[in-house]
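The structure appears below as structure tokens.
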Amino acid sequence: MKRIIVTGSQGQIGTELVQALRERYGSENVLATDIREVQGSLRETGPFEILDCTQHHSIMKMVKDFKADTIYHLAALLSAVAEEKTALAWDVGMNGLFYVLEVARETGCSVFFPSSIGAFGLSTPQDKTPQDTIQRPSTMYGVTKVAGELLCDYYHKRFGVDTRGVRYPGIISYKTLPGGGTTDYAVDIYYKAITDGRYTCYLKEGTHLDMMYMPDALKAAIDIMEADPSRLIHRNCFNVTSLSVAPEHFLSAIRRHYPDFAMDYKIDSVRQSIAESWPNSMDDSAARDEWDWQPSYTMESMTIDMLENLQKKLK
Ligand code: SER
């Protein structure tokens, strides 16, 4: 039976991944941690502890006390906020990961590391971005993700630590809001469709980015950690994608259900330039070949599910 610690469990992915892991492996076997105190479902459905993952001794104590064998290391700052808080983004992104890997080396834990489309840059081929390609990102977020991928591979090759990860696209969900990413518009637009009937988008029409609905993101995190290691040629990190979409695609998908929904544009130059440095679409064939990755949701099925759930949540 797995004993899992999740860092950054109050973030957009963490909140839902903890629940998915608890359903799969038993609530008592999944310890949710975060630097902030938590109320609500994370505490009610299983164990929770405060953890500052920039402190080696705190991670070590928690792994030993909980007898953990797996760490899902999600603690990080998203891309736009990382441009505002570069030192903190480095500290959490790099020192946090380094200590998690050190503890994993000493205790034999497996480590899941979420990289991102942010690990690519302007010199990367932008369409059908290959698994193995140029990675020269221009953001602090991207720098920490590329360095994180390399560090995870290093710990696997040098010390035999079972490190695995995926490069997530923008994640869309109705439960927890993302905090300060470049792809956040793809979540905001659904909220505004329900509350205001209109949305002002900060990215330009035609700005294509990879996106994914949360249930597929959770599936990716669980499936890669359960994958047969003998099939893995890559480890850190696999391209995974579901949709390559631009703002106008959300507009038309929502209009099929809310015909009066309207959108205009007011461009945020920082997030626009970050988005333009990221792929239009990733090639995730390595994940499909090596661990049978396959997303389930389409733009239409995701839109129906988002609107139905947000109607209940926001009424
Ligand atoms: N969703 C992230 C961001 O926008 C990308 O991984 O920062």
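Just so you know, all these numbers are worked out from the coordinates, no wet-lab data involved. All values reported here derive from a predicted model rather than from experimental measurement. Counting neighbours? That spans all protein chains shown, and the Cβs are built from the backbone with ideal geometry, glycine included.
Observations
- Sorted fewest first by neighbouring Cβ atoms within 10 angstrom, Y202, Y258 come out as Y258, Y202.
- Mean-position separation - Cα centroids, region 283-313 and region 43-65, in angstrom: 31
- Spin-label model distance (nm) - R231 vs D264, 7 Å beyond Cα toward Cβ: 5.1
- Rounded Å value of the spacing that divides the Cα centres of region 232-249 and region 76-147: 15
- Sorted by Cβ neighbour density within 10 Å, fewest at the top, the residues K145, K2: K2, K145
- Sorted fewest first by neighbouring Cβ atoms within 10 angstrom, D196, D69, D260 come out as D260, D196, D69.
- Förster-model FRET efficiency, 35 Å R0, I134 and E308, C-beta, rounded to 0.05: 0.30
- Contact order, relative form, for region 25-152: 23 percent (alpha carbon pairs under 8 Å, 6 or more residues apart, mean separation divided by residue count).
- Between the listed residues T200, V38, L122, the Cα displaced farthest toward the positive end of the dipole of the chain, a dipole computed from Cβ unit charges relative to the Cα centre, is found at V38.
- Among beta bridges that DSSP assigns inside the chain, antiparallel share in %, nearest 5: 10
- Pairwise FRET efficiency - K2 versus M60, Cβ, R0 = 22 Å, nearest 0.05: 0.70
- For the pair T200 and Y154, the difference between a 0.36 nm per residue extended length and the Cα-Cα distance amounts to 12.2 nm.
- Kirkwood-Stokes translational diffusion coefficient of region 55-188, alpha-carbon pairs, 25 °C, 0.890 mPa s, µm²/s: 157
- Put simply, the C-alpha atoms of region 209-315 give a gyration tensor, and the ellipsoid matching it has half-axes of 30, 19, 11 Å, longest first.
- Spatially proximal aspartates and glutamates relative to K61 (Cα-Cα < 19 Å; intrachain offsets below 8 disregarded): E28, D34, E37, E49, D52, D69, E102, E106
- Sites listed here are trypsin sites (Lys or Arg not before Pro) in region 36-114 whose DSSP assignment is loop and whose Cβ has at most 14 other Cβ atoms within 10 Å: R36, K67, K85.
- Spatially proximal lysines relative to K266 (Cα-Cα < 19 Å; intrachain offsets below 8 disregarded): K192, K204
- Near D162, the amide H atoms lying under 5 Å from its own belong to V111; only residues 5 or more places off or on other chains count, and H is placed 1.01 Å from N.
- Gain on full stretching of the segment that runs from R36 to R255 - 0.36 nm per residue minus C-alpha separation: 75.0 nm
- Volume of the convex hull of region 130-218 (Cα atoms only), normalised per residue: 140 Å³.
- Distance between modelled label sites at K85 and E49, nm, 7 Å Cα→Cβ extension: 2.3
- Highest mean packing comes first when the peptides 28-35, 237-244 are listed by Cβ atoms within 10 Å, giving 237-244, 28-35.
- Percent of Cα pairs in the chain per distance bin of 10 Å, from zero to the largest separation: 6, 28, 36, 23, 6, 0.
- Beta bridges by DSSP in region 160-315, antiparallel share as percent, to the nearest 5: 25
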